[in-house]
Amino acid sequence: MSETTRALRSDAERTVRTILEAAERVLSKNPAASMEQIAEAAGVARTTVHRRFASRDALVAALASWATRRFAEAVDAAHPESTPPLVALYQITANVLRVKIDFGYAMGQAMAAAETAGVHADVMERCERLFARAKEAGALRADVDPGWARRVYYALIHDAAQVRDGDPDALAARLVDTLLRGVGTGQGLG
């Protein structure tokens, strides 16, 4: 691949990212926003948006897919299969909160999109294994169902992302501490 081709591809990727980031900002404030409003927020011509995305629905689908990739990367970055369970739980929480807070509109669309269902199913399986590891390590009481604990955890993350109450790291510490003190053995993060 030539340097010119690489530069053009890199420029196109930056343009798409700029459009997607602008779409998130605009659509989170006004879900009925037009392609023209998104183009204006991105600082590009409307024709540029239409050249990259055939329709508004295609743009929203691309935004949902893009946010879903960020969500999966957030989980991967915590190495939940190899990191000690409580460390992984905290890191996943902080990472996922960042994605859910930064891409709230897109994540809402992603949950409804069939093409992202596989990613969400994979994350759920990984989370189930992490909660089983946490129970085996003694971080969850013996009488706690890991599936129930995972559902409570998901509800806490969802609520925390909706409220957007503070720094994601501090929010993650508070969320994990709340979870562990409610279903844990009494040991908190600190």
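The values are calculated or read from the model by the stated rules, or taken from the named source; none is laboratory data. Keep in mind that this is a model prediction, so the values were computed, not measured. Here the Cβ positions follow ideal geometry from the backbone for every residue, glycine too, while neighbour counts run over all protein chains shown. Areas reflect the complete protein model, heavy atoms only, side chains present, ligands, DNA and RNA absent. Shrake-Rupley method; radii C 1.70, N 1.55, O 1.52, S 1.80 Å.
Worth pointing out:
- Debye, to nearest 20: dipole size of segment 29-127, +1 on Lys, Arg Cβ, -1 on Asp, Glu Cβ: 340 debye
- Accessible-area composition of the chain, carbon plus sulfur, in percent [1.4 Å probe]: 53 percent
- Computed accessible area, I157, all protein chains, 1.4 angstrom probe, square angstrom: 10 Å²
- Derived scalar couplings between HN and Hα for segment 166-176 equal x, 5, x, 5, 5, 5, 5, 4, 5, 5, 5 Hz in order, rounded to whole Hz, by the Karplus curve 6.51 cos²θ - 1.76 cosθ + 1.60 (θ = phi - 60°), x for Gly and Pro.
- Comparing mean-square fluctuations of R129, R25, R52 from a GNM of the chain with C-alpha springs under 10 Å, the top value falls on R52.
- Solvent-accessible ranking of W66, W148, largest area first, probe 1.4 Å: W148, W66
- Helix 85-102 and the long axis of the chain differ in direction by around 30°, with both axes built from C-alpha atoms.
- Residue-averaged [θ]222 nm for the chain, counting only DSSP H segments that reach four residues, each worth -39500 (n - 2.57): -25500 deg cm²/dmol
- Relative contact order (%) - criterion: Cα under 8 Å, at least six apart; region: the chain: 19 percent
- Angle in degrees between helix 56-77 and the longest Cα principal axis of the chain, rounded to the nearest 10: 40 degrees
- In degrees, nearest ten, helix 3-29 long axis to first principal axis of the chain (Cα): 70 degrees
- Volume per residue that the Cα convex hull of segment 68-132 spans, once the total is divided by residue count, Å³: 68 Å³
- In the context of the full protein assembly, H120 retains an accessible surface of approximately 30 Å², using a probe radius of 1.4 Å and ignoring ligands and nucleic acids.
- For the chain, diffusion coefficient by Stokes-Einstein and Kirkwood Rh (Cα), 4 °C, 1.567 mPa s, µm²/s: 72 µm²/s
- Selection from T178, L59, A161, by position along the positive dipole direction of the chain (Cβ): L59
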